[in-house]
1. In peptide A:301-308, how many Cβ atoms from other protein chains are near each Cβ within 10 Å, on average?
2. Loop only by DSSP, 10 or fewer other Cβ within 10 Å of the Cβ. Give me the trypsin sites (Lys or Arg not before Pro) in the range A:440-481 that pass, ordered by residue number.
3. Trypsin sites (Lys or Arg not before Pro), restricted to the range A:276-381: which are DSSP loop and have at most 16 other Cβ atoms within 10 Å?
4. Hey, with R₀ at 51 Å, roughly what FRET efficiency would A:Ala153 and B:Gln76 work out to, going by the Cβ-Cβ distance, to 0.05?
5. Assign one of three labels to the protein assembly as shown, namely rounded, prolate or oblate, based on the Cα gyration tensor with a ≥ b ≥ c the square roots of its eigenvalues; rounded applies when a/c is under 1.5, prolate when it is not and a/b is larger than b/c, and oblate otherwise.
6. Just to be sure I follow the definition: excluding the sites themselves, where is the longest run in chain A that has none of the GluC sites (Glu not before Pro) in a DSSP loop with at most 12 other Cβ atoms within 10 Å?
7. What fraction, in whole percent, of alpha-carbon pairs in the range A:1-82 exceed 14 Å separation?
8. Pulled fully out, how much extra length does the chain show between B:Gln28 and B:Gln11, if you take 0.36 nm times their separation in residues and subtract their Cα-Cα distance?
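Each reported figure results from applying straightforward, stated rules to the coordinates on display, with no laboratory input. Note that the coordinates shown come from a computational prediction; the quantities given were computed from them, not determined experimentally. Using ideal geometry, Cβ is built from the backbone for each residue, glycine included, and neighbour counts are taken over all protein chains shown.
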Amino acid sequence: MIFFKPEFVLFFFILFNLYWFLPYNNVKKQNWLLVIANYAFYAWIDWKFVALLFASTQLVYIAANAYQNSTSPSKKKFLYIGSLVYAIGVLCFFKYFNFFLQSFNDFFKLLHINLGLTQLKILIPIGISFYSFRLISYIIDISREKIEPIKDALVFHNYISFFPTILSGPIDRANKFLPQLQVKREFSYALCVLAFRQILWGLFKKMVIADNCAEITANVFDNYIGLPASSLVLGAILYTVQMYADFSGYSDIAIGFGKLLGFEVNKNFNYPFFATNIAEFWRNWHMSLTTWLTEYVFTPLTILFRNLGKFGLILSITINFAICGLWHGANWTYILFGILNGIYFIPIILGNKMYKKRKKGAKYTLLDFLNMALVFSMFMLSLLIFRANSLSDFFNQMSHLLSKSLIEVPFIPFNKPLIIQTLIFIVIMFIAEWFTRQYDFPLFKIEQKLSKPLRYSIYYLIVVAILVFQTKTENFIYVQF
Amino acid sequence: MEKEQILSEVQEIFRNILDQENLVLSAQTTAADVEDWDSLSHIQLVVAIEKHFKIRFTSKEIQSWKNVDEMISSIQSK
């Protein structure tokens with residue numbers, strides 16, 4: 001795991017001390033130090049594409065300022081469209097070029113025409129999906145006059161390349177993040193304590209739950225043909241939890257590192273599995289991406305299709321989620337994952353429940369808990385497509401799933417104590433999250449609830465759990481996107 | 001058309017769509033001041049206003065209004 005490699009720990013230790021305790025420190029020095037750290041970090045992870053990151057950032061910076069200074073509408077339009085096409089084009093080239101080429105080939109093959117377009121050997125730059133989205137929203141926000149372009153290039157480079165979030169988000173927005181870079185960050189002991197708590201909780205989710213789930217689910221999905229269908233269901237449940245623990249764990253760690261440098265990074269998860277319908281679930285799952293898509297894809301589409309009534313809304317949400325799926329990668333499985341989630345919204349739209357939010361403090365009924373289970377199952381089904389290598393792989397799994405062995409006792413020919421121990425930790429995680437769901441994460445206000453000895457016992461237990469129950473550390477799932 | 005006249009017609013549309021008989025709009029009213037004026041009802045309000053005044057807003061206009069006054073200025077400019 002990147003954040004806990006000895007090189008990273010040393011890098012962060014040096015940065016942290018220089019950043020906070022350098023004499024005569026000011027905002028300029030902090031920003032210079034940070035930008036060097038950001039690019040050094042990126043170069044360490046993926047040196048081949050540092051130049052691309054720098055060039056894209058610089059280009060958008062120059063175009064945005066030229067846009068602001070220009071009085072000619074045609075020049076403004078050229079700069080706006082040009083920079084947008086560049087940002088989207090670079091993303092599409094690296095992520096989707098071969099996919100579209102292959103899809104063209106396949107389509108024409110159906111018409112008995114062999115195009116024979118050869119694919120290019122393209123490596124995907126790390127974090128491109130995340131930093132491209134920052135660039136795109138920055139350009140659009142300026143054209144919508146929501147923000148003014150930043151004059152200080154140093155600040156802008158820091159925003160795009162901010163190392164705690166460049167690999168897998170959260171996708172911070174310019175209006176919230178740029179102002180934080182324009183003032184000197186003051187060291188706060190309380191914020192650092194909070195950051196360490198959040199990192200600790202993220203590590204627990206990642207190393208104790210997600211990594212152990214990964215071992216089990218890999219075993220189930222690799223050997224499911226010889227197992228009863230109920231084992232595949234158990235594997236799918238564990239995969240759904242794994243996805244949550246992995247990505248929300250990563251997000252907590254990234255947000256924690258942001259806090260250690262004095263920044264408030266966007267929230268990415270808000271206990272999505274306690275949602276009682278799919279719209280609420282998606283408002284709380286990968287929030288920085290869903291709010292981004294809502295603003296720049298879904299809302300413009302609803303405006304475009306505004307005369308089509310509810311059908312327009314259904315069309316908008318389906319396209320929005322197809323793009324959400326495609327964002328994850330160039331594979332039809334991701335697109336279908338997105339479309340299925342879009343289709344899940346149809347009953348909610350028809351029942352006018354799309355924007356209905358749960359009243360704060362409203363008591364949960366048995367029906368609410370059944371709805372939570374339903375939302376979990378629906379998302380789990382879509383993750384089966386997400387995880388499959390191809391559509392045929394998914395259909396094979398589905399045909400295996402819909403068999404008599406679905407009602408058998410699940411059996412996994414794998415380290416049984418590991419499975420039981422993982423299930424126990426999952427229950428602990430959800431109980432802790434349920435009782436602290438009004439806070440950002442379970443250890444958030446722990447000092448107000450528990451005495452010091454009890455608090456430290458809990459930290460100690462979490463650290464022990466991480467050390468004792470950690471397994472082969474997997475990379476974060478979302479780093480590949 | 002005078003701003004006041006437009007405001008009163010827009011207010012009537014808001015009352016119908018949001019089903020709030022006693023709703024009073026002023027030029028300075030924002031979405032935060034009106035219960036149920038959310039992103040979904042916003043689109044419904046836009047459709048109703050366009051039909052009533054027989055106009056068509058641009059996508060940029062719909063997303064840029066900060067208060068009722070800016071919405072009325074857009075209507076006036078058509």
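1. For peptide A:301-308, the averaged partner shielding equals 4.
2. Those that pass, being in a loop and sparsely packed, are A:Lys472.
3. For trypsin sites (Lys or Arg not before Pro) across the range A:276-381 that sit outside H, G, I, E and B with at most 16 neighbouring Cβ atoms in 10 Å, the list reads A:Lys353, A:Lys356, A:Lys357, A:Arg358, A:Lys359, A:Lys360, A:Lys363.
4. Numbers: r = 41 Å, r/R0 = 0.80.
That gives a FRET efficiency of 0.80.
5. Rounded, since a/c falls under 1.5.
6. A:187-481
7. Summing the P(r) of the range A:1-82 above 14 Å gives 73 percent of all pairs.
8. Length gained, B:Gln28 through B:Gln11: 4.8 nm.
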